[in-house]
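These notes are about the structure you will find just below.
Every read-out reported here was derived from the displayed coordinates using simple, explicitly stated rules and does not represent laboratory data. Bear in mind that the values here come from a model prediction, so they are computed numbers and not experimental data. Reconstructed Cβ throughout: ideal geometry from the backbone, glycine too, with neighbour counts over all protein chains shown.
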Amino acid sequence: MSGSDPRRWLRDARRAFARLPSLRMGRVPDAPALPVRDPWPGDPARGARLLKGELELGGGVRPLRPGGWIDPSGAPLLRAAAHGFTWLRDLRALGTDAARLRARALVSDWIATGAADALAQRPDVAGARIAAWLGHYDFFFASADDTFRQKLMARLVSDARSLSAALPAEQQDARALTALKGLIAAAVALPDHAGFVTRAQRFLPQELARQVLPDGTHVERSPAALLAALQDLTEIRALLQAVQATPPAALGSAIERMAGALRALRHGDGGLALFNGSKEETPALIELVLTQAGRAGRAPSALADGGFQRLAAGRSVLIVECGAPPPPGLDRMAHAGTLSFEMSVGRERMIVNCGAFPAGPPEWRDAARATAAHSTLVIADTSSSELRPEGLGRRPSPPEVQRQEANGAYWLEASHDGWVRPFDAVHRRRLYLAESGEDVRGEDVVEAPMPQPFTIRFHLHPAVHANVQQDGVAVLLRLAGGGGWRLYAEGARLSLEESIYLGGPEPRRAEQVVLTGYPDGPQHVKWAISKVK
C-alpha cells in the first residue's frame with residue numbers, strides 16, 4: 001500500500017467484499033417492509049421535460065433516456081443527478097400514466113446498464129438513489145411485473161450494502177449527509193439489515209459537528225448547501241423515528257440552528273440570497289423545509305460563524321457576505337464574492353449577485369463565480385479569490401467586521417485582503433441602513449501604496465428598470481411594483497451596462513450599474529441608494 005491512503009484501501013476493500021453475491025446477508029425481500037416517504041414536492045414542468053428525454057438542473061440540460069446512462073456529456077453535477085434519481089419526484093408531480101411508465105423504464109434500464117458508471121456508486125449518489133427509489137416506490141412500481149420487482153429489490157440490497165461499506169464518505173461536504181440518509185432509508189425498508197442504522201449513527205454525530213457551524217450556517221457557506229443539508233437532516237430524523245431509533249442528541253439542535261440561519265439568508269420574496277453557488281429556489285419549498293424543521297423563530301441579524309450579516313429596516317433587507325471562503329475540500333461551489341451584498345424591498349429584489357450556473361459549461365460556471373458577477377468592488381478585473389475547477393486557490397483571510405445598531409439604524413464596516421498578494425491592496429467597505437429602510441449609503445476604499453484600477457458593480461434584478469439621469473452621476477431605478485429609487489455616486493464615473501441573471505430557473509438579461517475609478521483619482525468612492533419620494 002506504499003504511497004496510498006490506508007483508509008481508502010480499507011474502504012475499497014469493504015466495498016469489494018460487499019458486492020460479492022455469496023456474502024449477501026439474508027434473503028432479498030419481495031417489497032419494502034415499511035414505506036419511505038419523499039416529503040418534497042416535484043416540478044411538473046421538469047417532469048414534462050423528462051418525458052421528452054431531458055434532465056434540467058442548475059441551468060444545465062442533459063439527455064436522459066433509456067440506453068444513455070454512460071453518456072459522459074454534461075457537467076458532473078448533471079451526471080450525478082441522473083444517477084441519483086431525485087428527479088423521480090418531478091415525474092410523480094406530473095402524475096400521468098406516461099410519467100409512471102417513463103419512471104419505471106428508466107429505473108429498469110439503469111439496473112440493466114446504468115450501474116456500470118463508476119459515478120453512480122459514489123456514496124452520495126447511491127444514497128440519493130436508494131432514498132428516491134424507496135420514496136417513490138408506490139409510484140413507479142404500481143402494476144409492475146414480478147421480474148422487475150425482484151431486480152429492483154436485489155439492486156436496493158446490493159447498493160445499500162456497498163454504501164454501508166463505503167462509509168465514511170470521502171466527500172466532506174453536504175454530500176456526506178445524503179449518503180447517510182440513503183443508508184437509513186434502506187434500514188427502514190429492509191428490516192433484515194438493521195445494522196445499517198447502527199453504522200449510519202456511528203458517523204452522523206461527527207458529520208453534524210463538522211458541517212453545521214455554531215450559528216447554524218453550513219460549512220460550505222452556501223445558502224443552497226444549507227437548504228439541501230437541512231432537507232437531508234429533517235428526513236434523517238423522520239427515518240430514525242420510523243425505525244424507533246434514538247436520534248443523536250446533536251441532531252435536533254443542529255436542525256433548529258440551521259432553520260434560523262436559513263431564515264436569515266432569505267429575501268422578502270421568500271427565496272435564497274445568491275451567494276456561493278446558490279439560486280433563488282422555490283419559496284414554497286423553503287417554507288416546507290422550515291415547517292419540517294419545526295419551531296418557527298425570528299431570523300438572526302448576524303451569522304458570525306458563517307460570515308453573513310443581515311440588515312433589515314422598514315421594508316428593506318440587505319444581506320452582506322462578510323466571511324472567509326470555505327476551506328479547501330469544502331469550496332467546490334465557492335464564489336469570489338467577499339463583501340458583496342444584495343438588497344430587496346418588500347417582496348422585490350433590487351440589488352443582486354448574478355447567481356450560479358453549477359451545471360453549465362465551465363466558462364459560464366466560472367463567470368458566475370468571479371468577483372465581477374457580484375455586487376462589490378473589483379480591482380483590475382481580478383477576482384478576490386483565485387478560481388479553480390475544484391474550488392479556490394488564493395483567497396482572503398477572514399475579513400474584519402464591525403457592526404453597530406442604534407435607534408433602528410445599522411452601520412457595518414468590513415475589509416478583506418484578497419488582493420494583497422497581486423496588488424498589495426486591501427478593500428474596505430462601509431454600509432449604512434437608515435431606520436426607515438429608505439436610505440442606504442456606502443463607501444468603498446482601496447488601500448494600496450499605488451493607485452489601482454477598480455470598478456464597483458451593482459447588479460440589478462431583471463425586473464428593475466434603470467435610466468441614467470441627465471447629470472450622469474445618478475441612476476433612477478424603477479421596481480416592477482412601481483417604487484422608485486435613486487443610486488448616486490461620487491468619486492467614480494457612473495455607467496449602465498449589460499448583465500445576466502442566473503438566480504432563477506432560466507438565464508435572464510439584466511443590467512448593472514458600474515462605478516469606474518479614475519486612473520489617478522481617489523481610491524475612495526461614496527454612493528447612496530435612496531427611495532424617491
*Can you quote the Å³ per residue value for the convex hull of the Cα atoms in region 260-379, rounded to an integer?*
122 Å³
*Arrange the following residues from fewest to most other Cβ atoms within 10 Å of their Cβ: 450, 153, 343, 258.*
450, 153, 343, 258
*Quick one: helix 175-189 against the long Cα principal axis of the chain, what's the angle to the nearest 10°, folded into 0 to 90?*
30 degrees
*Cβ-based exposure ranking for 526, 533, 52, in which fewest neighbours within 10 Å come first*: 533, 52, 526
*So, in Å, what gap is there between the alpha-carbon centers of region 485-502 and region 101-173?*
50 Å
*Just tell me which lysines come within less than 25 Å, Cα to Cα, of residue 531; anything on the same chain fewer than 8 places away is out.*
none
*asked:* Considering all alpha-carbon pairs of region 417-458, what whole percent are spaced by more than 13 angstrom?
replied: 62 percent
_Point-to-point label distance, residue 34-residue 488, nm (Cα→Cβ direction, 7 Å offset)_ = 6.4 nm
*Mind pulling the per residue volume of the convex hull built on the Cα atoms of region 317-370? Å³ is fine.*
95 Å³
*For every helix of n ≥ 4 consecutive DSSP H residues, a contribution of -39,500 (n - 2.57) applies; sum these over the chain, divide by its total residues, and give [θ] at 222 nm rounded to the nearest 500 deg cm²/dmol.*
-11000 deg cm²/dmol
*Please state, to two decimals, what the Cα-based radius of gyration of region 47-111 comes to when divided by 2.2 N^0.38 Å (N = residues).*
1.01
*Note down the Stokes-Einstein diffusion coefficient of the chain in µm²/s, whole number, using a Kirkwood radius over alpha carbon pairs, 20 °C, and 1.002 mPa s.*
87 µm²/s
*Viscosity 0.692 mPa s, temperature 37 °C: Stokes-Einstein D of region 308-531 from its Kirkwood Cα radius, in µm² per second?*
186 µm²/s
*For residue 250 and residue 524, what is the calculated FRET efficiency with R₀ set at 30 Å and r taken between the beta-carbons, to the nearest 0.05?*
0.05
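Expressed in whole Å with the largest first, what are the equivalent ellipsoid semi-axes of region 28-166 derived from the C-alpha gyration tensor as the square root of 5 times each eigenvalue? Write out the running numbers ahead of the final one.
Values: eigenvalues 87, 68, 37 Å².
Over the Cα atoms of region 28-166, the ellipsoid semi-axes are 21, 18, 14 Å.
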*asked:* Using a 10 Å cut-off around each Cβ, can you sort 376, 96, 246, 338 from fewest to most neighbouring Cβ atoms?
replied: 246, 96, 376, 338
*Spatially proximal aspartates and glutamates relative to residue 151 (Cα-Cα < 14 Å; intrachain offsets below 8 disregarded)*: 30, 109, 159
*How far, in degrees from 0 to 90, does helix 249-264 lean away from the longest principal axis of the Cα atoms of the chain, to the nearest 10?*
40 degrees
